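Below is one structure, written out as structure tokens; comments come after it.
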Amino acid sequence: MLTILIANQKGGVGKTTIADELAFELERRGASVSFITTDPQGGSVHETDDGDEERDWRIVDTPGVLADALPEWCEAADMVLVPMLPSPRDIEPTLRTIEVARKSTSAPVAVVVNQYNPYGVLDRQLAEYLAGEGERVIAKIPKAVALAQAAAGGCSVAELRNGRHAAEAFARLADGIEAVLDGGNI
Ligand SMILES: Nc1ncnc2c1ncn2[C@@H]1O[C@H](COP(=O)(O)OP(=O)(O)O)[C@@H](O)[C@H]1O
Ligand SMILES: [Mg+2]
């Protein structure tokens, strides 16, 4: 079983959305997925399940606060994903979260830039800045109203007609995770 922890001490960056859609994407690939949310505010489509160790993957969604338990959660992870928005005010909490993760685990830590606009100057500069800092940006998820609609409807964005673009980004995220955990690079 491989555990993917999704964490950023900042709220509203897309942790829960990414946790849900990553779980759906891995299931579409035929894998069995266990879902855990440690966020008391919840909000995910998936509910915390029995944590069956026999499953292929475990996805762990976390709350948007500097949780005392973050180091412990990171220790149990095979990979840590840190979602952030392409906004200057997300840089500091994101780098702090990455620092805690790196102190707690030798597992790979990667950034997911959420609500990314490929034509936005700030968005591109942020991706370049992170790369310059040596941070791995494993995926860029577009801003898509279909993601909010899917969450409201309790389904994956891939099931919505206007969700294809976002679904493709989650497929690339899953490809990237598989490549990193296979020991390859991205
Ligand atoms: N890529 C996106 N495009 C459009 N809306 C998004 C996107 N990602 C997240 N959202 C919306 O932003 C809000 C916050 O996302 P959420 O996943 O709950 O963040 P967090 O779990 O980090 O607090 C939700 O209403 C969600 O539907
Ligand atoms: Mg959340």
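Values quoted throughout were computed directly from the atomic coordinates according to the rules given, and no laboratory measurement underlies them. From a predicted model like this one, the values you see are computed outputs, not experimental measurements. We place every Cβ from the backbone using ideal geometry, glycine too, and count neighbours over all the protein chains shown.
Key figures
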read-out: Helical mean residue ellipticity (222 nm; -39500 (n - 2.57) per DSSP H run of 4+; nearest 500) of the chain; value: -13000 deg cm²/dmol
read-out: Normalised convex hull volume, the chain, alpha-carbon set, Å³ per residue; value: 110 Å³
read-out: Least to most buried among Ser87, Ser106 (fewest other Cβ within 10 Å first); value: Ser106, Ser87
read-out: Ala31 paired with Gln149, simple spin-label distance in nm, labels 7 Å along Cα-to-beta-carbon; value: 2.8 nm
read-out: 10 Å binning of all Cα-Cα separations within segment 46-136, expressed as whole percents from 0 upward; value: 14, 44, 30, 11, 1
read-out: Dipole magnitude of the chain about its Cα centre (Cβ charges: Lys, Arg +1; Asp, Glu -1), debye to nearest 20; value: 820 debye
read-out: Length gained when the stretch Arg102-Arg136 is fully extended (0.36 nm per residue, less Cα-Cα span); value: 11.0 nm
read-out: Packing-based order for 42-54, 131-143, 73-85, using average beta carbon neighbours within 10 Å, highest first; value: 73-85, 131-143, 42-54
read-out: Segment 102-186 shape via C-alpha gyration tensor axes, a/c threshold 1.5; value: oblate
read-out: nm² value of the averaged projected area, convex hull over the Cα atoms of segment 37-90; value: 5.0 nm²
read-out: Least to most buried among Thr16, Thr105 (fewest other Cβ within 10 Å first); value: Thr105, Thr16
